[in-house]
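The values are calculated or read from the model by the stated rules, or taken from the named source; none is laboratory data. Fair warning: this is a prediction, and the values are worked out from it, not measured in the lab. All Cβ positions, even for glycine, are placed from backbone atoms using ideal geometry, and neighbour counts span all protein chains on display. Accessible surface areas use protein heavy atoms only, side chains included; no ligands, DNA or RNA. Shrake-Rupley method; radii C 1.70, N 1.55, O 1.52, S 1.80 Å.
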Amino acid sequence: MIASLSTTSFNFISTAAIAIGLALIHLSSGLLRFVQVPRSRWLSGAGGVSVAYVFVHILPELSEHQTVLEEAENGFIYYLEHHVYLLALLGLTVFYGLEKMASESRESQEQAGKGNATAQGVFWIHIASFAIYNALIGYLLMHPEEPDMENLFLYSLAMGLHFIVNDFGLRENHKHIYDRIGRWILAAAIIVGWVVGSGTQIGEAIIAVLFAFIAGGIVLNVLKEELPEERESRFWAFGLGAVIYSALLLAL
């Protein structure tokens, strides 16, 4: 009993520290501009790690999640039977739509002579969507696929680097309003998600749904920063990050 309480307390403290650390990434990622290594290399390397986590760790787990969903007998989850990968596709599609909306708003604002940032309404939609996304990631700190410190570390490292990539894209789209307001909302969303997760218990089927959706979101949010030519991404840094992190995931 004492050992169980000790383990629970340790998990609570460790996940709280990680949630705070992830929140601080949003508040300080802009400092990368002062690092001597070109920021494009940092972003490409971080993107490689994030994508490696999805393809080497999350996607193989989705096959197990599919089994979980097939065992659900009622409610909304029942209708997702045989469709766990569609949830990943949904995550990718949602964030593609958000990115398209932001880029079109920037273009429209620039043509109207109002600067190279999104309209205020688009900013709030974009930030609200990413706040929900961050809250889900914070929530899953308390409900990991495999409840041990090793997997928690791998998840946290991948998400932290993923947030750096997201920050770059959001700052580029929304400019100063992101630094004034947006990053604070996203940082708070992680903490809120963790708090909710620490006080609630959900079924394995719901965890499967959340991880599938996040997997699709990660892939889109990374690749949208890597593929356009104007991003000045670095393939070698992306590949190195993916290879090193894949090797780490396979070794542990």
With (1) within 14 Å of the chain's Cα centre (by Cα); (2) at pLDDT 85 or above; (3) buried (at least 23 other Cβ atoms within 10 Å of the Cβ) as the list, and Ala131 as the residue in question, which single condition is left unmet? (3)
Which residues, taken from the range 54-103, are modelled with pLDDT under 80, of a type in the set (A, V, I, L, M, F, W, C) and in contact with a helix residue (DSSP H, G or I) (Cβ under 8 Å, 6 or more places away or on another chain)? Ile58, Leu59, Leu62, Val68, Leu69, Ala72, Ile77, Leu80, Val84
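Against the definition (farther than 23 Å from His126 by Cβ, at pLDDT 90 or above and open to solvent by less than 60 Å² (accessible area, probe 1.4 Å)), how does Gly203 come out, yes or no? It would help to see each step written out before you state the result.
On the way: farther than 23 Å from His126 by Cβ: yes; at pLDDT 90 or above: no; open to solvent by less than 60 Å² (accessible area, probe 1.4 Å): yes.
No, not satisfied.
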All but one of (1) open to solvent by 40 Å² or more (accessible area, probe 1.4 Å); (2) in contact with a helix residue (DSSP H, G or I) (Cβ under 6 Å, 6 or more places away or on another chain) hold for Asp167; which doesn't? (1)
Go through the range 190-225 residue by residue and tally those that are farther than 24 Å from Leu24 by Cα and either acidic (Asp, Glu) or in contact with a Lys or Arg (Cβ under 9 Å, 6 or more places away or on another chain) (or both). 1
Kindly check whether there is at least one residue in the range 188-197 that is without any contact (Cβ under 8 Å) to a residue 40 or more places away in the chain, surrounded by fewer than 16 Cβ atoms within 10 Å (Cβ to Cβ) and assigned to a helix (DSSP H, G or I). no
Can you report the number of residues in the range 89-126 which are within 29 Å of Val192 (Cα to Cα), touching a Lys or Arg at 6+ places or on another chain (Cβ under 9 Å) and not small (Gly, Ala, Ser)? 5
Among (1) farther than 20 Å from Thr15 by Cα; (2) out of contact with any Ser or Thr (no Cβ under 9 Å at 6 or more places or on another chain); (3) at pLDDT 85 or above, the one test that Val196 misses: (1)
Just wondering, is there one or more residues in the range 148-163 that are at pLDDT 90 or above and open to solvent by 70 Å² or more (accessible area, probe 1.4 Å)? no
Only one of these conditions is not met by His174: (1) buried (at least 22 other Cβ atoms within 10 Å of the Cβ); (2) under 15 Å from the mean Cα position of the chain (by Cα). Which number is it? (2)
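Conditions (1) buried (at least 21 other Cβ atoms within 10 Å of the Cβ); (2) more than 13 Å from the chain's Cα centre (by Cα); (3) free of Cβ contacts under 8 Å to residues at least 40 places away in the same chain, marked per residue:
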residue	(1), (2), (3)
Leu87	yes, yes, no
Glu99	no, yes, no
Lys114	no, yes, yes
Ile125	no, yes, yes
Ala135	yes, no, no
